[in-house]
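Q: Once you've had a glance at the structure underneath, I'll fire off some questions.
The values are calculated or read from the model by the stated rules, or taken from the named source; none is laboratory data. Values in this document were obtained by computation on a predicted structure and should not be read as measured data. So basically every Cβ, Gly included, is an ideal-geometry build from the backbone, and we count neighbours across all protein chains shown.
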Amino acid sequence: MTEKKITTKVRVYSYNELTEEQKNLVDLAREATTHAYSPYSNFKVGAALKLDNGEIFIGANQENAAFAGICGERAALYAAGAKFPGIPVKAVAITSFTRGEFVVEPTAPCGVCRQAFLEFEKNGHPIELILAGKEKIYILDSFQATMPLSFTDF
Ligand SMILES: [Zn+2]
């Protein structure tokens, strides 16, 4: 038996340490939380992503009584893919708002969203992942970093 060690590098920033482009995505993601429809979870997720062509898309989680809603970041991703198919995603910022304030610890995307974004990285275009908490901002270089044993053999 051998062991395989898997590590993921997460850089932790404050808002003021971000680039202007990163700040803009975080600002838009925070604003997008106000567009969430989340009467069941009361957990509002906002996302903002930027494509390589400069276009920006926002998304917010949308729930329903059948519990078949969609996460905020995936809503943004699919809107971008529908309007600009094949254009790589450069970066995405995600944040969450609940109980009257933005979450303290940055919220990581669910497994379905990780898989969805991972497939947009397949052509060698890593997507910068910016996870914004109330004060701390986590940045990962790619979605592959969130799924080291991912399902990509297709
Ligand atoms: Zn998700």
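Q: Restricting to the range 127-150, name every residue that is in contact with a helix residue (DSSP H, G or I) (Cβ under 7 Å, 6 or more places away or on another chain) and farther than 28 Å from Thr34 by Cβ.
A: Once the filter is applied, which keeps residues that are in contact with a helix residue (DSSP H, G or I) (Cβ under 7 Å, 6 or more places away or on another chain) and farther than 28 Å from Thr34 by Cβ, the range 127-150 yields Gln144, Met147, Ser150.
Q: Looking only at the range 111-154, how many residues end up being among the aliphatic types (A, V, I, L, M), out of contact with any Ser or Thr (no Cβ under 9 Å at 6 or more places or on another chain) and in a loop (DSSP other than H, G, I, E, B)?
A: Result for the range 111-154: 2.
Q: Which ones in the range 74-110 are within 12 Å of the ligand (Cβ to nearest atom), in a helix (DSSP H, G or I) and either modelled with pLDDT under 95 or of a type outside the set (Gly, Ala, Ser) (or both)?
A: Arg74, Leu77, Tyr78
Q: Scan the range 82-100 for residues that are surrounded by 15 or more Cβ atoms within 10 Å (Cβ to Cβ) and over 15 Å from the mean Cα position of the chain (by Cα) and jot them down.
A: Of everything in the range 82-100, those that are surrounded by 15 or more Cβ atoms within 10 Å (Cβ to Cβ) and over 15 Å from the mean Cα position of the chain (by Cα) turn out to be Phe84, Ile87, Thr98.
Q: While we're looking at this one, here's another question. Mind counting the residues in the range 26-55 that are within 14 Å of the ligand (Cβ to nearest atom) and surrounded by fewer than 20 Cβ atoms within 10 Å (Cβ to Cβ)?
A: 3
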